[in-house]
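J.: Quick one: the structure is below, and I'll ask about it shortly.
The values are calculated or read from the model by the stated rules, or taken from the named source; none is laboratory data. Being a predicted model, the structure only gives us computed values, none of them experimental. All Cβ positions, even for glycine, are placed from backbone atoms using ideal geometry, and neighbour counts span all protein chains on display. These accessible areas exclude ligands, DNA and RNA; they are computed on the full protein's heavy atoms, side chains included. Shrake-Rupley method; radii C 1.70, N 1.55, O 1.52, S 1.80 Å.
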Amino acid sequence: QVQLVESGGGLVQPGGSLRLSCVASGSFFSLYTMGWDRQAPGKQRELVARISRGGTTNYADSVKGRFTVSRNNAKKEVYLQMNSLKPEDTAVYYCGDSRGNWGQGTQVTVSS
């Protein structure tokens with residue numbers, strides 16, 4: 001039914017940047033708040049960022065000022081620009097919608 005596929009993860013040094021992308025299919029994408037969660041080893045899943053259909057955003061305090069979430073409703077895509085990355089940002093990052101659908105995740109590793 002609904003599929004969300006993340007991409008753009010990888011290995012980056014502290015202070016570096018990555019841009020994650022998520023493409024949605026089988027969903028009324030333009031109607032939903034979209035967002036990113038992450039889960040680091042040994043930790044619970046954490047809300048990272050949310051963006052409403054109108055562009056209103058919310059961020060976890062830990063990423064505020066460093067990460068930017070955006071969306072392109074015409075392309076049914078969501079993005080997460082991650083700057084000034086820290087080792088503690090290492091996690092699997094998941095894209096999801098407000099209906100509870102989530103992708104398989106993309107690994108982000110921040111290490112020198």
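J.: Can you give the accessible area per residue of the chain, in Å², using a 1.4 Å probe?
T.: 53
J.: Given a 1.4 Å probe and every protein chain left where it sits, what share in percent of the accessible area of the stretch 1-45 is carbon and sulfur?
T.: 50
J.: Tell me, what is the Rg over Rh of the chain, with Rh the Kirkwood radius over Cα pairs?
T.: Taking Rh as the inverse mean 1/r over Cα pairs, Rg/Rh reads 0.95.
J.: Now for a different question. Give the lysines whose C-alpha is closer than 16 Å to that of residue 64, dropping any in the same chain fewer than 8 places away, or say none.
T.: Within reach: 86.
J.: Turning to a different aspect of this structure: With θ set to phi - 60°, apply the Karplus curve 6.51 cos²θ - 1.76 cosθ + 1.60 along the stretch 41-55 and write out the HN-Hα couplings as whole Hz, x wherever there is a Gly or Pro.
T.: x, x, 10, 6, 4, 10, 5, 9, 7, 9, 9, 6, 4, x, x
J.: Provide the solvent-accessible area of residue 59, counting protein heavy atoms only and rolling a 1.4 Å probe, rounded to the nearest 10 Å².
T.: Its heavy atoms expose roughly 50 Å² to the probe.
J.: Expressed as a rounded percentage, what relative contact order does the stretch 25-95 have, with Cα pairs under 8 Å and six or more residues apart?
T.: Relative contact order comes out at 33 percent.
J.: If I ignore ligands, DNA and RNA and count only protein heavy atoms, how much of residue 109 is accessible to a 1.4 Å probe, in Å² to the nearest 10?
T.: Result for residue 109: roughly 40 Å² accessible.
J.: Exposed loop trypsin sites (Lys or Arg not before Pro) only (DSSP loop, at most 14 other Cβ atoms within 10 Å): please give the longest stretch of the chain free of them, not including the sites.
T.: 1-42
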